[in-house]
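J.: Sharing a structure with you now.
Where a number appears in this text, it was derived from the coordinates with a stated rule and is not lab data. Computed from a predicted model, the values in this text were never measured in an experiment. Note that each Cβ is placed from the backbone with ideal geometry, even for glycine, and that neighbours are counted across all protein chains shown.
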Amino acid sequence: MDPEKSSLGGNVIVLKGGPPESFANTLPQRVEIPVGYAAKKQ
């Protein structure tokens, strides 16, 4: 989702990344969300 179109101004999903001591490194590397249709890359 485009952050500019989000009601909170952010992305929908944040995945694992960054330096080992960062908060983002504690997040999952992959998620699966059944929504009934395929997502597309923009």
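J.: Ranked highest first by average number of other Cβ atoms within 10 Å, how do 33-42, 19-28 line up? Mind showing how you got there, number by number?
T.: Details: 33-42: 5.3, 19-28: 9.6.
Per-residue mean Cβ counts within 10 Å order the peptides as 19-28, 33-42.
J.: Please arrange 8, 15 by counting, for each residue, the other beta carbons lying within 10 Å of its beta carbon, fewest first.
T.: Values: 8 7, 15 11.
Sorted ascending by nearby Cβ count, the order is 8, 15.
J.: Hey, if you put +1 on the Cβ of every Lys and Arg and -1 on every Asp and Glu Cβ in the chain, which of 29, 39, 10 ends up farthest toward the positive end of that dipole?
T.: 39
J.: Please give every one of the lysines within straight-line cross-link reach of residue 16, meaning a C-alpha to C-alpha distance under 19 Å, and leave out same-chain neighbours fewer than 8 residues apart.
T.: In chain and number order, the partners are 41.
J.: Quick one: P(r) of the chain from all Cα-Cα pairs, 10 Å bins, percents rounded to integers, in order of increasing distance.
T.: Per 10 Å bin, starting at zero, the Cα-Cα P(r) for the chain comes out as 24, 40, 33, 3 percent.
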